[in-house]
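Presented below is the structure to which this report refers.
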Amino acid sequence: MEFEDLKVIWDSQCDQPIYGINEEGLHNSLRRKSKRFRRLIFWQHFQTYCGGGIMFAAIVGLLILNASGVLGEIGSSRALFGWEIAASLVALVCWLQFTLSVFLGHQRQKKREQVESTSLRDDLDKEIKQIRYQIKTRSHIMLGFLPPYLGGVLFITVVFGATHISYWVLVPFVVLMIIALLFESRCQQRMVELKIVPALAELETLREKLSH
Amino acid sequence: MKPNEQQRIFEEWLAQHKGLLFKVVRAYAFNSHDQDDLFQEMTTQVWNSVPRYRGDSAVSTWIYRVAFYSAIGWSKKEKRHRDKHQEIQREDRLLSQRSNLENPQLEWLYEQISQLDEIDRSLTLLMLDGFSYREIGKTMGLSQNYVGVKLNRIKKRLTEHSKKKDKHGI
């Protein structure tokens, strides 16, 4: 058989489709998937911005109460010392930095997704770039999470001081936070080693095949 | 883009180019469960790609590229997770094969295509569908010369195998 004969065999399937589609099933599956995706994105944004918003409101509220003199009159609390005001401001900056970096990260991701690729090779390059970015962010997860953890500890220290709660109560709290940070970092590292790096290697092999 | 508009375009594309998706399904997945799974994956990617389409290439080229990309990604994922596969319920099946359309020669051709690697499979499908080397190169991100060399090798391999088949009456 020559290639032209193979082409005739190939074209014969165009006369009638070889499959029937369950259209209702297909639309249900598409609806389900896009709903799940939208919900996931919503919760990711909600958690980050809500956490940032609550901390922002709490710290600014505390500073306003202190500046207006109300803080010293609530129960057994006292007005903030100078270093406590400075610590509160540092905590505020830490949380703003974290929330803003997450927001900017989402925006960058959105932009990347909107870029039109013109070939399969472009698609692969885009995916490889995206995976490398994920590896990079996950490798520095400790640094990424350090500002909100530091901000949280500073804020609680200030609140404990102003309300005369012993600083010793802070110790288990700080230990717990350090363990949580280490645990989170280890989980992300394992994810990179077991899932993301193998996926990247496969994509790079494909990319290589397209290059040679 | 409004969801209604996206839905309209998607349905139009699916009605006009479903044959193309079927070909990719058959070349990359080899049992009804996998074919269903891959078809679902491809249609999801085609649906997601609707707002990104700017009309710079023909719709068929665009859908082919999205389909290949989904199929290659799906093949890799499938290899990794084959053991963890979840059975799709019968009533959820998206594709039903029309058994009266069985063609042994076409079956043989698909079998030959399935023995190629993922990239060569994509190139072969485009070649058999009559795309020029230039169009294939543009779709895959390859040079025209490279496409020519690759496809000549594939053509040679296919014709040699078909001659062996004829000789042995398989």
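Here, each number is a calculation from the coordinates, and none is a lab measurement. Keep in mind that this is a model prediction, so the values were computed, not measured. Methodologically, a virtual Cβ is constructed for each residue, glycine included, from the backbone with ideal geometry; neighbour enumeration extends over all protein chains shown.
For the range A:4-211, what D do you get in µm² per second when you plug the Kirkwood radius from alpha-carbon pairs into Stokes-Einstein at 25 °C and 0.890 mPa s? Write out the running numbers ahead of the final one.
Values: Rh = 22.0 Å.
For these conditions, the coefficient is 111 µm²/s.
A cut-off under 13 angstrom between Cβ atoms defines the neighbours of A:R138, and their net charge, with Lys, Arg +1 and Asp, Glu -1, is +3. Between B:L95 and A:N22, the built amide H atoms are under 5 Å apart, and every one of these is 5 or more places off in sequence or on another chain. Full extension of the chain between A:R39 and A:L146 gives 35.8 nm of extra length, using 0.36 nm per residue less the Cα-Cα distance. Find me the longest stretch of chain B that has none of the exposed GluC sites (Glu not before Pro), where exposed means in a DSSP loop (not H, G, I, E or B) with at most 16 other Cβ atoms within 10 Å. The answer is B:1-86. Taking the centroid of alpha carbons for each part, the range A:159-212 and the range B:1-63 are 37 Å apart. Quick check: from the Cα gyration tensor, does chain B come out rounded (a/c under 1.5), prolate or oblate? Cα axes put chain B in the oblate bin. Which one, B:A15, B:A67, B:G137, is farthest towards the positive end of the dipole of chain B when Lys and Arg carry +1 and Asp and Glu -1 on their Cβ? Value: B:G137.
Using C-alpha pairs below 8 Å separated by at least 6 residues, the relative contact order for chain A is 23 percent.
Here chain B is assigned +1 on the Cβ of each Lys and Arg and -1 on the Cβ of each Asp and Glu. Its dipole about the Cα centre then comes out at about 680 debye. Taking 0.36 nm per residue of separation and subtracting the Cα-Cα distance, full extension of the segment from A:F160 to A:Y49 would add 37.4 nm.
Among the listed pairs B:K18/B:K138; A:K195/B:K155; A:K33/B:K76, which are separated by more than 30 Å between their Cα atoms? Over 30 Å apart, Cα to Cα: A:K195/B:K155.
Scalar couplings 3J(HN,Hα) for the range B:140-155, obtained by applying the Karplus form with A = 6.51, B = -1.76, C = 1.60 to θ = phi - 60°, are 8, x, 10, 6, 4, 4, 4, 4, x, 4, 4, 5, 4, 5, 5, 4 Hz; x denotes Gly and Pro.
Based on alpha carbons, the Rg and Dmax found for the range B:1-87 are 13.5, 41 Å. Distance between the C-alpha centres of the range B:113-170 and the range A:30-54: 44 Å, rounded to the whole angstrom. Starting from the Cα gyration tensor of the range B:90-170, take the square roots of the eigenvalues, sort them a ≥ b ≥ c, and report rounded, prolate or oblate (rounded when a/c is under 1.5, otherwise prolate if a/b is larger than b/c, else oblate). Oblate.
Under 13 Å from the Cβ of B:Y64, count the other residues' Cβ atoms, weight Lys and Arg +1, Asp and Glu -1, and hand me the total. Write out the running numbers ahead of the final one.
Details: positive: B:K18, B:K23, B:R65, B:R121, B:K138; negative: A:D123, B:D129, B:E135.
Summing Lys and Arg as +1 and Asp and Glu as -1 gives +2.
In sequence order, the range B:114-125 has phi-based couplings of 5, 7, 7, 6, 4, 5, 5, 4, 4, 4, 5, 4 Hz under the Karplus curve 6.51 cos²θ - 1.76 cosθ + 1.60, θ = phi - 60°, and Gly or Pro positions carry x. Hydrophobic long helices, here whole DSSP H runs in chain A with Kyte-Doolittle means of at least 0.5 and Cα atoms spread over 15 Å or more along the helix axis, are found at A:141-162, A:170-191.
Rounded to the nearest 20, the size of the Cβ-charge dipole of the protein assembly as shown about its Cα centre is 620 debye, with Lys and Arg at +1 and Asp and Glu at -1.
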